[in-house]
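Working notes, beginning with the structure itself.
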Amino acid sequence: MKGIEKKLDDAWSLAVKKAAGMKCEYCGRIDTLNSHHVYSRSKLSTRWDITNGVCLCVAHHTFSSTFSAHKTPLEFTEWIIDKRGEEWFIELRHRANSTVKLHKFEKEELLKTLLFVLNNG
């Protein structure tokens with residue numbers, strides 16, 4: 001199972017960056033990019049959902065003490081709600097908090113979808 005999950009994680013990460021135009025959605029940097037899960041990757045219902053991702057430079061992902069998804073989570077949450085809307089956030093929270101068990105064939109379908117988005121999106 002780890003093989004398909006690694007492929008899904010890699011495809012999801014690249015798809016999030018591509019959806020953001022290959023730049024930090026906070027400051028616009030184009031180098032040292034990371035894909036951050038708005039809701040934890042431990043939540044399988046949204047782990048590979050592109051709308052649960054945000055592209056951030058490494059500073060705004062983990063290092064900055066003034067704005068960072070990890071070091072200032074309240075500021076990050078306020079910013080992402082302002083950027084994407086409260087309705088988006090409520091819907092994502094609802095999906096993230098639902099219980100999902102994914103079978104191998106479902107993960108394979110998700111991977112096909114992500115690869116299609118990467119190649120055609």
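What follows draws every value from the coordinates through simple rules; no lab data is involved. Everything quoted here is computed from the prediction, not taken from an experiment. Neighbour counts are summed over all protein chains in view; Cβ atoms, including those assigned to glycine, are modelled from backbone coordinates with ideal geometry.
Overview of values
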{"item": "Shape call, the stretch 2-107: gyration tensor on alpha carbons, a/c limit 1.5", "result": "oblate"}
{"item": "Other-chain or far-sequence residues with amide H under 5 Å of residue 34's (modelled H)", "result": "56, 57, 58"}
{"item": "Ranked list, fewest to most other Cβ atoms within 10 Å of each Cβ, for 4, 80", "result": "4, 80"}
{"item": "Burial ordering of 37, 60, fewest other beta-carbon atoms within 10 Å first", "result": "37, 60"}
